[in-house]
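Okay, structure first, notes after.
The values are calculated or read from the model by the stated rules, or taken from the named source; none is laboratory data. Nothing here was measured: the structure is a model prediction, and the numbers come from that model. Cβ atoms come from the backbone with ideal geometry, glycine included; neighbour counts cover every protein chain shown. Each accessible area value is taken on the protein alone, full model and side chains, heavy atoms only, with ligands, DNA and RNA left out. Shrake-Rupley method; radii C 1.70, N 1.55, O 1.52, S 1.80 Å.
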Amino acid sequence: MFILLDHMNQSKKSLKSKLKTTFVYFIGMILLFKTIDYLAEKPIFNLFSIENIIVNDFSLNDLHYKNAYKDREINPSLSGRVVLVNSGSLDKDSFRLQLAKTTAILQTFQPSVIGIDHTFSGEKKLGTDSLKQVFKNSKNIILSINDLESQPLKFGLNNSNFGSTKLIEQVSIRRYDSDSSTFAYKIANKLNKNKLKPLDSPSFFINYLAKSEDFFEVGTDDSRFYLKNHYSKQNKFLQLDAHKILLKDSQTIEMLREVGKNKVFLIGHLGNTKIFDIHDDREDRLRVPCDIELSQRKENMFGLQIHANAIENILNPNMRFYAWTDSIYCSIIEYILIFSLLFYLMYYSMGKIVNVILLAISTLTLLYIVLWFMTKNIYLEIGLTLLEIMILEDVIEFFDSLQDYLIKIKGLWKRKA
């Protein structure tokens, strides 16, 4: 422990001794952050999670998306194969019956797969038998399943017809599980005739290729543009209204006739159309990085839209963020950077003002590097690294105080002895 003796007498220390002392400080700092990170997962302590604070308010995704969406309007990146269907327009009292009828109508347009982002529990509800019959007669349906659902309704389907919609727990949805049992993977695999290769990492960072307001609405100039160009890539999702499908609205049916074959129909809640302002509907809304707010992010994207973006990422790996953060090389570079700055502050510091300038330059350089990498679809998660850089001097002062305290305790022991 007493290898920490007075690092301020730097002129008397050899380079080896300086490196050794710096290494002890470095290990102490890492252990401190690991302890805080561990406690943050426990009850009560999780309210003070540093990681959650950093991910929520120091995310660079927002800065990236602010600029990226301008380019996507010129260079669209969606496949045009995923069509969203808003079930929020269906009546709640007869939801299952209307959903069964909507699904049956959609099947007549020969889609490759229909994904339904709803979970069901309880037998005694109107339309349950109709829903079971439609699902039983369809081999191209993927139903969502969530571990939190109590007593899920049994449809008599095998496991290949169910995909997990459980999202990796985080402040705002960045990571999506790469497991082949997820809702997005199963839909993408079915679309690719069960020939999709397993993803090569435990999870991936979602590159949000479309925001919550990025959709073509039937009956508008946008939808006519979609009809004209639906074989090419898009910058928005086509979104249909389930109630209009039930009513066999002419424009909606025309759209389905044109684009339905070999597509993916994703059915889920995209806002209750019966309330005054659909934006007031908070059901199944989640925080995502691509928000116009850089802090105090709101829950502005529906779960179905998150899964739709994940499907697009799986269909087109070139658009998916490659997570360099998960690689051992990234961790090594990060630790070398922290160690170097720590070594400088301990033995070659040129004063508070210079140190602040140096740390600011280091931080801004990291920000620029990360944003540049994001344009190349490479994501670096550096929130905690930035925090470590910004408080390096405070960490040194903390360990100095700890060292002084231990020296005093040692002196008291010697006197008592």
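Residues being in a loop (DSSP other than H, G, I, E, B), modelled with pLDDT of 80 or more and touching a Ser or Thr at 6+ places or on another chain (Cβ under 7 Å) are entirely absent from segment 239-250. Checked against (1) at pLDDT 85 or above; (2) on the phi > 0 side of the Ramachandran plot; (3) of a type outside the set (D, E), Q107 meets all criteria but (2). Listed by position, the strands (runs of 3 or more DSSP E) enclosed by segment 159-219 that each have at least 1 residues that are open to solvent by less than 10 Å² (accessible area, probe 1.4 Å), hydrophobic (A, V, I, L, M, F, W, C) and in contact (Cβ under 8 Å) with a residue 40 or more places away in the chain are 203-205. Evaluation of K101 against the conditions (1) outside any helix (DSSP H, G or I); (2) among the basic types (K, R); (3) modelled with pLDDT of 90 or more shows that the sole unmet condition is (1).
If you scan segment 117-140, which residues turn out to be in a loop (DSSP other than H, G, I, E, B) and open to solvent by 20 Å² or more (accessible area, probe 1.4 Å)?
D117, H118, T119, G122, E123, K124, K125, L126, N137, K139, N140 - these are the residues of segment 117-140 that are in a loop (DSSP other than H, G, I, E, B) and open to solvent by 20 Å² or more (accessible area, probe 1.4 Å).
Candidates are the residues of segment 6-48 that are at pLDDT 65 or above and more than 20 Å from E397 (Cα to Cα); the one that is most open to solvent (accessible area, probe 1.4 Å) is K16. Among the residues of segment 352-370, how many are over 17 Å from I333 (Cβ atoms) and surrounded by 12 or more Cβ atoms within 10 Å (Cβ to Cβ)? Result for segment 352-370: 6. Out of the residues in segment 321-348 that are part of a helix (DSSP H, G or I) and of a type in the set (G, A, S), state the one that is modelled with the highest pLDDT. Looking at residues that are part of a helix (DSSP H, G or I) and of a type in the set (G, A, S), I get S340.
Identify, from the list N309, N318, N300, N313, the residue that is modelled with pLDDT of 80 or more, of a type outside the set (A, V, I, L, M), assigned to a helix (DSSP H, G or I) and surrounded by fewer than 21 Cβ atoms within 10 Å (Cβ to Cβ). Residue meeting the stated conditions: N318. Here the condition is being under 30 Å from N300 (Cβ atoms) and touching a strand residue (DSSP E or B) at 6+ places or on another chain (Cβ under 8 Å); of R174, R96, it holds for R174 alone. So which residues in segment 243-272 are touching a residue at least 40 places away in the same chain (Cβ under 8 Å) and open to solvent by 10 Å² or more (accessible area, probe 1.4 Å)? Residues satisfying the conditions are H243, K244, L246, K248, R257, K261, N262, K263, H269, N272.
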